Amino acid sequence: RLGAPVLVYNLSPVIPGERTHCWLGAEDALGLRVRRFNVGLVDLATRQDFSIVDVDRILACAGAERLKIDMVHLKAEALRLVAEEVVRILEERGCFDTTGP
């Protein structure tokens, strides 16, 4: 109601060290659930006005295996990359006064 921009972070399904190649019978695997969540989030974003901070893409481009500690914890470099994306989105949505003093 306030018109504030809403940002939702997706997740990277990469689990450092995991090398799953056969998903048969793995319907509840965390990596698969994350992939489903990300697809559902995009589907919802096509119907609602919010931005997705695409953590999956950011880490994929920069090397997820190298930037992740575990399934949900990121190293400092990854956190910086995600923060830069948040700033980019907020700038694009006009959240910063660029006229300044």
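The values are calculated or read from the model by the stated rules, or taken from the named source; none is laboratory data. A quick note: this is a predicted structure, and the numbers were derived from the prediction, not measured. Reconstructed Cβ throughout: ideal geometry from the backbone, glycine too, with neighbour counts over all protein chains shown. To get the accessible areas, we keep the full protein, side chains included, count just its heavy atoms, and leave off ligands, DNA and RNA. Shrake-Rupley method; radii C 1.70, N 1.55, O 1.52, S 1.80 Å.
The H on the amide N of residue 74, modeled in the peptide plane, is under 5 Å from the matching H of 69, each at least 5 residues off or on a different chain. Averaged over residues, the count of other Cβ atoms within 10 Å places the peptides 32-45, 15-28 in the sequence 32-45, 15-28, highest first.
For the chain, what's the relative contact order in percent, using C-alpha pairs closer than 8 Å and at least 6 residues apart?
Values: 89 pairs, mean separation 36.0, N = 101.
Contact order relative to length: 36 percent.
Phi angles of segment 11-18 translate, via the Karplus equation with coefficients 6.51, -1.76, 1.60 and θ = phi - 60°, into HN-Hα couplings of 10, 8, x, 6, 10, x, x, 6 Hz per residue; Gly and Pro are given as x. Ordering 53, 16, 99 by Cα displacement along the dipole of the chain toward the positive end leaves 16 in first place; charges were set at the Cβ atoms of Lys, Arg (+1) and Asp, Glu (-1).
Probe radius 1.4 Å, ligands and nucleic acids ignored: give me the carbon and sulfur share of the accessible area of segment 22-68 as a rounded percent. Kindly include the intermediate steps, with their values, before the conclusion.
Numbers: 1680 of 2950 Å².
Roughly 57 percent, rounded to a whole number.
The base-10 log of I(q)/I(0) for the chain, evaluated at q = 0.21 Å⁻¹, reads -1.14 [Debye formula, identical scatterers on Cα atoms, solvent excluded]. Each Lys or Arg adds one and each Asp or Glu subtracts one; over the other residues with Cβ under 13 Å from the Cβ of residue 71, this totals -1.
Heavy atoms of the protein chains alone define the surface here; on that basis the chain has 70 Å² accessible area per residue at 1.4 Å probe size.
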